[in-house]
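Student: Encoded as structure tokens, here's the structure I'll be asking about.
The values are calculated or read from the model by the stated rules, or taken from the named source; none is laboratory data. Please read all numbers here as calculations on a predicted model, not as lab measurements. Backbone-built Cβ (ideal geometry, glycine too); neighbour counts: all protein chains shown. Accessible surface is based on the protein model in full, side chains and every heavy atom, while ligands, DNA and RNA are left aside. Shrake-Rupley method; radii C 1.70, N 1.55, O 1.52, S 1.80 Å.
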Amino acid sequence: MTDLTAVKAAARKAAFARRKDAHSEARSALGVAHLISVLNDHKGKAMAGYMPIRTEINPLPAMAAMAAWSTIGVPYITGEGQSLKFANWRPDSDMVDGPFGAQVPAELEFITPEVVVVPLVAFDRKGGRLGYGGGFYDRTLEGLRAERPTLAIGYAYSAQEAEGLPLEPTDQPLDAIVTEEGIIWF
């Protein structure tokens, strides 16, 4: 284990504890209004959200609201070390268990989003994001951004903010972070 690996593991452990303490339906509902206000500026563009797991803040109400104007995708993991694909999702989609425990649509039709709502473990005030450690979103955002401008919006509880995140050059920056307390643009 490298020193950076150990530092990242410690940062994730602390962030998971803060997220667990902050997790509540009421806080999640407050975040939805802020997320919708950001997404409203991108109506008609293909968007991606995520199916929340464990104590992640829930983006589903915002995704459902945007589905009236935009195609919405959810992440589909094709394999370790690979970029994510995004499966077309609607509020009434039949869902099944996908890789890594997240739900995916039973019928897979893939889209390419221009706006990606990104789950995370921790974030900082510079647009830095600490994820789960698989690099899925970093590889995916790098690939999407190589093709066209892609907006990456981190979605988290404010308690997930941290200073001095152990970031690497391959870590893709966020363009904004949305929490139950508001919106931070970078």
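Student: Of all residues in segment 163-185, which are in contact with a strand residue (DSSP E or B) (Cβ under 8 Å, 6 or more places away or on another chain) and modelled with pLDDT under 95?
Tutor: Of everything in segment 163-185, those that are in contact with a strand residue (DSSP E or B) (Cβ under 8 Å, 6 or more places away or on another chain) and modelled with pLDDT under 95 turn out to be 165, 166, 167, 171.
Student: Which condition breaks for residue 10 when tested against (1) modelled with pLDDT of 95 or more; (2) under 23 Å from residue 138 (Cβ atoms)?
Tutor: Condition (1) is where residue 10 drops out.
Student: Does any residue of segment 27-36 turn out to be more than 20 Å from residue 159 (Cβ to Cβ), touching a residue at least 24 places away in the same chain (Cβ under 8 Å) and either open to solvent by less than 70 Å² (accessible area, probe 1.4 Å) or under 16 Å from the mean Cα position of the chain (by Cα) (or both)?
Tutor: Within segment 27-36, one or more residues are more than 20 Å from residue 159 (Cβ to Cβ), touching a residue at least 24 places away in the same chain (Cβ under 8 Å) and either open to solvent by less than 70 Å² (accessible area, probe 1.4 Å) or under 16 Å from the mean Cα position of the chain (by Cα) (or both).
Student: Restricting to segment 111-130, what's the tally of residues that are within 22 Å of residue 24 (Cβ to Cβ) and assigned to a loop (DSSP other than H, G, I, E, B)?
Tutor: 3
Student: Regarding residue 140, is this residue of a type in the set (Ser, Thr, Tyr) and in contact with an Asp or Glu (Cβ under 8 Å, 6 or more places away or on another chain)?
Tutor: When the stated conditions are applied, residue 140 does not pass them.
Student: So, one more: Tell me, which residue of segment 1-25 that is over 14 Å from residue 122 (Cβ atoms) and among the β-branched types (Val, Ile, Thr) is surrounded by the fewest Cβ atoms within 10 Å (Cβ to Cβ)?
Tutor: So, considering only residues that are over 14 Å from residue 122 (Cβ atoms) and among the β-branched types (Val, Ile, Thr), the one surrounded by the fewest Cβ atoms within 10 Å (Cβ to Cβ) is 2.
Student: Being assigned to a loop (DSSP other than H, G, I, E, B), closer than 25 Å to residue 54 by Cα and not aliphatic (A, V, I, L, M) is the filter; apply it to segment 132-163 and report the residue that is most open to solvent (accessible area, probe 1.4 Å).
Tutor: It comes out as 163.
Student: Which is open to solvent by less than 30 Å² (accessible area, probe 1.4 Å), under 19 Å from residue 144 (Cα atoms) and modelled with pLDDT under 95, of 73, 79?
Tutor: Of 73, 79, the one residue that is open to solvent by less than 30 Å² (accessible area, probe 1.4 Å), under 19 Å from residue 144 (Cα atoms) and modelled with pLDDT under 95 is 79.
Student: Give all pairs with beta carbons closer than 8 Å in which a residue from segment 53-82 that is under 23 Å from residue 43 (Cα atoms) meets a residue that is buried (at least 20 other Cβ atoms within 10 Å of the Cβ) and of a type in the set (D, E, K, R); count only pairs at least 6 apart in sequence or on separate chains.
Tutor: 57/180
Student: Then there's this: Which condition does residue 135 not pass, out of (1) among the small types (Gly, Ala, Ser); (2) touching a strand residue (DSSP E or B) at 6+ places or on another chain (Cβ under 6 Å); (3) over 23 Å from residue 40 (Cα atoms), if it passes all the others?
Tutor: (2)
Student: Something else: Of these, 57, 53, which one is modelled with pLDDT under 95, among the aliphatic types (A, V, I, L, M), touching a Pro at 6+ places or on another chain (Cβ under 9 Å) and not in a helix (DSSP H, G or I)?
Tutor: On inspection, the qualifying residue turns out to be 53.
Student: Return yes when residue 108 is outside any loop (DSSP other than H, G, I, E, B) and either more than 15 Å from the chain's Cα centre (by Cα) or not small (Gly, Ala, Ser) (or both) and no when it is not.
Tutor: Spelling it out, it is not the case that residue 108 is outside any loop (DSSP other than H, G, I, E, B) and either more than 15 Å from the chain's Cα centre (by Cα) or not small (Gly, Ala, Ser) (or both).
Yes/no per residue for (1) among the charged types (D, E, K, R); (2) farther than 14 Å from residue 38 by Cβ; (3) without any contact (Cβ under 8 Å) to a residue 60 or more places away in the chain:
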position	(1), (2), (3)
102	no, yes, yes
130	no, yes, no
143	no, yes, no
160	no, yes, no
176	no, no, no
